[in-house]
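Asks: Take a look at this one; I'll ask things after.
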Amino acid sequence: MTQKQRKTLGIQQRIPLDILLIALQEELTEGINEVRLKELLQSEYKGSNRIKKSINQIKSVVSKNNPLMLLLHDNKEETLLALESKTDKNLILTALICSRYPFCYDLLVIFGKQFRLQDEVNKALLSKLIGSKYGFNRSCENSTYCAIPQFSEAELIMRSKVATYAMLEPQKIQHEITWEIWKECFFINEPLYNREETENLSFEPFFRFVVR
(Lines give C-alpha, C1' and ligand atoms only; values in the text may rest on other atoms or scores of the structure.)
Protein backbone atom coordinates (compact mmCIF):
# COMPACT_ATOMS: atom_id res chain seq x y z
CA MET A 1 0.00 0.00 0.00
CA THR A 2 1.46 3.32 -1.06
CA GLN A 3 1.40 6.37 1.20
CA LYS A 4 -1.06 8.04 -1.17
CA GLN A 5 -3.42 5.04 -1.07
CA ARG A 6 -3.14 4.88 2.72
CA LYS A 7 -4.19 8.49 3.09
CA THR A 8 -7.35 7.93 1.05
CA LEU A 9 -8.59 5.12 3.30
CA GLY A 10 -11.02 6.10 6.01
CA ILE A 11 -13.96 4.80 7.93
CA GLN A 12 -17.27 6.35 6.86
CA GLN A 13 -19.38 5.81 9.94
CA ARG A 14 -19.18 4.18 13.35
CA ILE A 15 -19.34 0.40 13.39
CA PRO A 16 -21.38 -0.94 16.36
CA LEU A 17 -19.16 -3.60 17.89
CA ASP A 18 -22.03 -5.81 19.03
CA ILE A 19 -23.31 -6.05 15.46
CA LEU A 20 -19.80 -6.52 14.06
CA LEU A 21 -19.40 -9.41 16.50
CA ILE A 22 -22.50 -11.13 15.14
CA ALA A 23 -21.34 -10.60 11.56
CA LEU A 24 -17.92 -12.05 12.38
CA GLN A 25 -19.38 -15.10 14.11
CA GLU A 26 -21.66 -15.70 11.14
CA GLU A 27 -18.82 -15.23 8.65
CA LEU A 28 -16.76 -17.85 10.51
CA THR A 29 -19.65 -20.34 10.58
CA GLU A 30 -22.63 -20.39 8.24
CA GLY A 31 -22.04 -17.08 6.46
CA ILE A 32 -23.46 -13.60 6.97
CA ASN A 33 -27.24 -13.24 7.05
CA GLU A 34 -27.64 -9.86 5.39
CA VAL A 35 -31.37 -9.67 6.22
CA ARG A 36 -30.64 -10.10 9.91
CA LEU A 37 -27.79 -7.63 9.69
CA LYS A 38 -30.12 -5.05 8.20
CA GLU A 39 -32.67 -5.60 10.96
CA LEU A 40 -30.03 -5.12 13.64
CA LEU A 41 -28.73 -1.94 12.05
CA GLN A 42 -32.19 -0.40 11.89
CA SER A 43 -31.93 0.17 15.64
CA GLU A 44 -28.67 2.08 15.13
CA TYR A 45 -29.27 4.17 12.01
CA LYS A 46 -32.16 5.94 10.34
CA GLY A 47 -32.41 5.99 6.58
CA SER A 48 -31.86 3.26 4.02
CA ASN A 49 -28.67 4.84 2.66
CA ARG A 50 -26.94 4.88 6.05
CA ILE A 51 -28.02 1.31 6.75
CA LYS A 52 -26.80 0.15 3.34
CA LYS A 53 -23.48 1.94 3.87
CA SER A 54 -23.09 0.31 7.28
CA ILE A 55 -23.88 -3.16 5.89
CA ASN A 56 -21.24 -2.76 3.19
CA GLN A 57 -18.72 -1.46 5.72
CA ILE A 58 -19.28 -4.34 8.17
CA LYS A 59 -19.16 -6.93 5.41
CA SER A 60 -15.90 -5.40 4.20
CA VAL A 61 -14.35 -5.67 7.68
CA VAL A 62 -15.05 -9.42 7.88
CA SER A 63 -14.43 -10.23 4.20
CA LYS A 64 -11.36 -11.34 2.27
CA ASN A 65 -10.70 -7.65 1.60
CA ASN A 66 -9.38 -7.62 5.15
CA PRO A 67 -5.98 -9.38 5.19
CA LEU A 68 -6.42 -10.25 8.87
CA MET A 69 -9.39 -12.51 8.14
CA LEU A 70 -7.11 -15.21 6.74
CA LEU A 71 -5.65 -15.75 10.22
CA LEU A 72 -9.13 -15.92 11.76
CA HIS A 73 -10.37 -18.43 9.21
CA ASP A 74 -7.27 -20.58 9.67
CA ASN A 75 -7.92 -20.57 13.43
CA LYS A 76 -11.71 -20.55 13.37
CA GLU A 77 -12.42 -22.64 16.46
CA GLU A 78 -9.87 -20.82 18.59
CA THR A 79 -11.20 -17.45 17.43
CA LEU A 80 -14.83 -18.33 18.15
CA LEU A 81 -13.81 -19.44 21.64
CA ALA A 82 -11.82 -16.25 22.25
CA LEU A 83 -14.82 -14.15 21.19
CA GLU A 84 -16.68 -15.47 24.23
CA SER A 85 -14.24 -13.50 26.42
CA LYS A 86 -15.18 -9.85 26.83
CA THR A 87 -11.64 -8.51 26.69
CA ASP A 88 -10.56 -10.76 23.83
CA LYS A 89 -13.71 -9.90 21.90
CA ASN A 90 -12.92 -6.18 22.24
CA LEU A 91 -9.37 -6.68 21.02
CA ILE A 92 -10.23 -8.97 18.11
CA LEU A 93 -12.92 -6.61 16.80
CA THR A 94 -10.63 -3.60 17.22
CA ALA A 95 -7.83 -5.40 15.39
CA LEU A 96 -10.18 -6.25 12.53
CA ILE A 97 -11.25 -2.63 12.17
CA CYS A 98 -7.66 -1.39 12.36
CA SER A 99 -6.43 -3.87 9.76
CA ARG A 100 -9.23 -2.98 7.34
CA TYR A 101 -9.08 0.78 7.97
CA PRO A 102 -5.51 2.06 8.42
CA PHE A 103 -6.92 5.39 9.56
CA CYS A 104 -8.25 3.70 12.71
CA TYR A 105 -4.89 2.05 13.32
CA ASP A 106 -3.06 5.35 12.95
CA LEU A 107 -5.46 7.09 15.30
CA LEU A 108 -5.10 4.39 17.95
CA VAL A 109 -1.31 4.61 17.65
CA ILE A 110 -1.53 8.36 18.23
CA PHE A 111 -3.54 7.68 21.37
CA GLY A 112 -0.93 5.14 22.49
CA LYS A 113 1.94 7.54 21.94
CA GLN A 114 0.24 10.39 23.77
CA PHE A 115 -0.80 8.25 26.73
CA ARG A 116 2.87 7.54 27.34
CA LEU A 117 3.41 11.26 27.75
CA GLN A 118 0.25 12.38 29.52
CA ASP A 119 -2.88 11.04 31.20
CA GLU A 120 -5.36 12.84 28.97
CA VAL A 121 -5.52 13.74 25.29
CA ASN A 122 -7.81 16.43 23.92
CA LYS A 123 -9.60 16.46 20.59
CA ALA A 124 -7.64 19.45 19.31
CA LEU A 125 -4.32 17.63 19.66
CA LEU A 126 -5.73 14.46 18.09
CA SER A 127 -7.04 16.42 15.12
CA LYS A 128 -3.68 18.13 14.67
CA LEU A 129 -1.70 14.88 14.78
CA ILE A 130 -3.97 12.76 12.57
CA GLY A 131 -4.55 15.72 10.26
CA SER A 132 -0.83 16.07 9.65
CA LYS A 133 -0.93 12.61 8.07
CA TYR A 134 -4.30 12.58 6.33
CA GLY A 135 -4.91 16.26 5.73
CA PHE A 136 -6.87 18.82 7.70
CA ASN A 137 -10.25 18.32 6.07
CA ARG A 138 -13.85 17.41 6.83
CA SER A 139 -13.37 13.79 5.80
CA CYS A 140 -10.55 13.35 8.30
CA GLU A 141 -12.65 14.95 11.03
CA ASN A 142 -15.65 12.74 10.27
CA SER A 143 -13.51 9.60 10.30
CA THR A 144 -12.12 10.61 13.68
CA TYR A 145 -15.63 10.99 15.08
CA CYS A 146 -16.43 7.50 13.75
CA ALA A 147 -13.34 5.80 15.15
CA ILE A 148 -13.21 7.22 18.68
CA PRO A 149 -16.58 5.77 19.82
CA GLN A 150 -15.41 2.34 18.69
CA PHE A 151 -12.29 2.60 20.86
CA SER A 152 -14.50 3.70 23.73
CA GLU A 153 -16.95 0.84 23.18
CA ALA A 154 -14.00 -1.56 23.17
CA GLU A 155 -13.00 -0.10 26.57
CA LEU A 156 -9.59 1.05 25.39
CA ILE A 157 -10.25 4.71 26.16
CA MET A 158 -12.87 6.80 27.90
CA ARG A 159 -14.08 10.37 27.59
CA SER A 160 -12.89 11.98 30.81
CA LYS A 161 -14.54 15.30 29.99
CA VAL A 162 -15.83 17.14 26.95
CA ALA A 163 -13.51 16.56 23.97
CA THR A 164 -10.90 14.97 26.25
CA TYR A 165 -9.97 11.30 26.50
CA ALA A 166 -8.14 9.13 29.01
CA MET A 167 -6.84 5.60 28.76
CA LEU A 168 -8.46 2.72 30.57
CA GLU A 169 -6.52 -0.21 32.00
CA PRO A 170 -4.80 -2.29 29.29
CA GLN A 171 -6.91 -5.24 28.21
CA LYS A 172 -5.75 -8.55 29.65
CA ILE A 173 -5.50 -11.10 26.84
CA GLN A 174 -7.06 -14.43 27.75
CA HIS A 175 -6.38 -16.52 24.63
CA GLU A 176 -3.21 -16.98 22.60
CA ILE A 177 -5.05 -16.50 19.31
CA THR A 178 -6.02 -13.00 20.41
CA TRP A 179 -2.37 -12.13 20.90
CA GLU A 180 -1.61 -13.51 17.42
CA ILE A 181 -4.45 -11.47 15.91
CA TRP A 182 -3.30 -8.26 17.62
CA LYS A 183 0.27 -8.84 16.44
CA GLU A 184 -0.82 -9.59 12.89
CA CYS A 185 -2.85 -6.37 12.77
CA PHE A 186 0.31 -4.52 13.75
CA PHE A 187 2.41 -6.25 11.07
CA ILE A 188 -0.24 -5.54 8.41
CA ASN A 189 -0.06 -1.85 9.21
CA GLU A 190 3.72 -1.84 9.69
CA PRO A 191 4.94 -3.98 6.75
CA LEU A 192 8.57 -2.90 7.16
CA TYR A 193 8.74 -4.08 10.77
CA ASN A 194 10.95 -7.13 11.36
CA ARG A 195 8.58 -9.91 12.43
CA GLU A 196 11.42 -11.65 14.23
CA GLU A 197 11.86 -8.80 16.72
CA THR A 198 8.80 -9.63 18.78
CA GLU A 199 10.61 -8.91 22.03
CA ASN A 200 10.42 -5.21 21.16
CA LEU A 201 6.68 -5.11 20.50
CA SER A 202 5.86 -3.94 24.01
CA PHE A 203 7.55 -0.63 23.19
CA GLU A 204 5.26 0.00 20.22
CA PRO A 205 2.30 2.36 20.94
CA PHE A 206 -0.22 -0.08 19.46
CA PHE A 207 0.64 -2.53 22.25
CA ARG A 208 0.05 0.06 24.95
CA PHE A 209 -3.54 -1.18 25.14
CA VAL A 210 -2.89 -4.88 25.80
CA VAL A 211 -1.17 -7.04 28.38
CA ARG A 212 -0.51 -10.77 28.25
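The values are calculated or read from the model by the stated rules, or taken from the named source; none is laboratory data. This is a predicted model, so every value here is computed, not measured. Because the Cβ atoms are built from the backbone with ideal geometry, glycine has one as well, and the counts that use them run over all protein chains shown. We work out accessible area using only protein heavy atoms, side chains counted, and drop any ligands, DNA or RNA first. Shrake-Rupley method; radii C 1.70, N 1.55, O 1.52, S 1.80 Å.
Asks: Among the residues of the stretch 46-65, are any more than 21 Å from CYS185 (Cβ to Cβ), over 19 Å from the mean Cα position of the chain (by Cα) and in contact (Cβ under 8 Å) with a residue 24 or more places away in the chain? Reasoning before the result, please.
Replies: Within the stretch 46-65, the first condition is being more than 21 Å from CYS185 (Cβ to Cβ), and the residues that meet it are 46-56.
Pick out the ones that are also over 19 Å from the mean Cα position of the chain (by Cα) and you get 46-52.
Now restrict to residues that are in contact (Cβ under 8 Å) with a residue 24 or more places away in the chain: 50.
Scanning the stretch 46-65, I find at least one residue that is more than 21 Å from CYS185 (Cβ to Cβ), over 19 Å from the mean Cα position of the chain (by Cα) and in contact (Cβ under 8 Å) with a residue 24 or more places away in the chain, so the answer is yes.
Asks: Right, something else. Where in the stretch 56-113 are the helices (runs of 4 or more DSSP H), entirely inside, with at least 3 residues that are open to solvent by less than 10 Å² (accessible area, probe 1.4 Å)?
Replies: Counting at least 3 such residues, we get 86-100.
Asks: Across the stretch 140-175, what is the total count of residues that are of a type outside the set (D, E, K, R), part of a helix (DSSP H, G or I) and open to solvent by 70 Å² or more (accessible area, probe 1.4 Å)?
Replies: Residues meeting the conditions: 1.
Asks: Note down all Cβ pairs under 9 Å where the first residue falls in the stretch 187-205 and is open to solvent by less than 60 Å² (accessible area, probe 1.4 Å), the second is part of a loop (DSSP other than H, G, I, E, B) and hydrophobic (A, V, I, L, M, F, W, C), and they're at least six residues apart or on different chains.
Replies: Once the first residue is open to solvent by less than 60 Å² (accessible area, probe 1.4 Å) and sits in the stretch 187-205, its partners that are part of a loop (DSSP other than H, G, I, E, B) and hydrophobic (A, V, I, L, M, F, W, C) give ILE188/LEU68.
Asks: Can I ask one more? Only one of (1) at pLDDT below 95; (2) under 19 Å from CYS140 (Cα atoms); (3) of a type outside the set (Val, Ile, Thr) is not met by GLY47, so which one is it?
Replies: Every listed condition holds for GLY47 apart from (2).
Asks: Additional query: Would the stretch 116-139 turn up any residue that is out of contact with any strand residue (DSSP E or B) (no Cβ under 9 Å at 6 or more places or on another chain), part of a helix (DSSP H, G or I) and closer than 27 Å to SER43 by Cα?
Replies: Yes, because at least one residue in the stretch 116-139 is out of contact with any strand residue (DSSP E or B) (no Cβ under 9 Å at 6 or more places or on another chain), part of a helix (DSSP H, G or I) and closer than 27 Å to SER43 by Cα.
Asks: For LYS183, all conditions in the list (1) part of a helix (DSSP H, G or I); (2) of a type outside the set (A, V, I, L, M); (3) within 30 Å of GLU77 (Cβ to Cβ); (4) in contact (Cβ under 8 Å) with a residue 60 or more places away in the chain hold save one; what is the number of the exception?
Replies: LYS183 satisfies all of (1) part of a helix (DSSP H, G or I); (2) of a type outside the set (A, V, I, L, M); (3) within 30 Å of GLU77 (Cβ to Cβ); (4) in contact (Cβ under 8 Å) with a residue 60 or more places away in the chain except (4).
Asks: Mind checking which residues of the stretch 43-54 are surrounded by 14 or more Cβ atoms within 10 Å (Cβ to Cβ) and either out of contact with any helix residue (DSSP H, G or I) (no Cβ under 8 Å at 6 or more places or on another chain) or more than 20 Å from THR94 (Cβ to Cβ) (or both)?
Replies: Filtering the stretch 43-54 down to residues surrounded by 14 or more Cβ atoms within 10 Å (Cβ to Cβ) leaves 44-45, 50-51, 53-54.
Hits for the stretch 43-54 are TYR45, ARG50, ILE51, LYS53.
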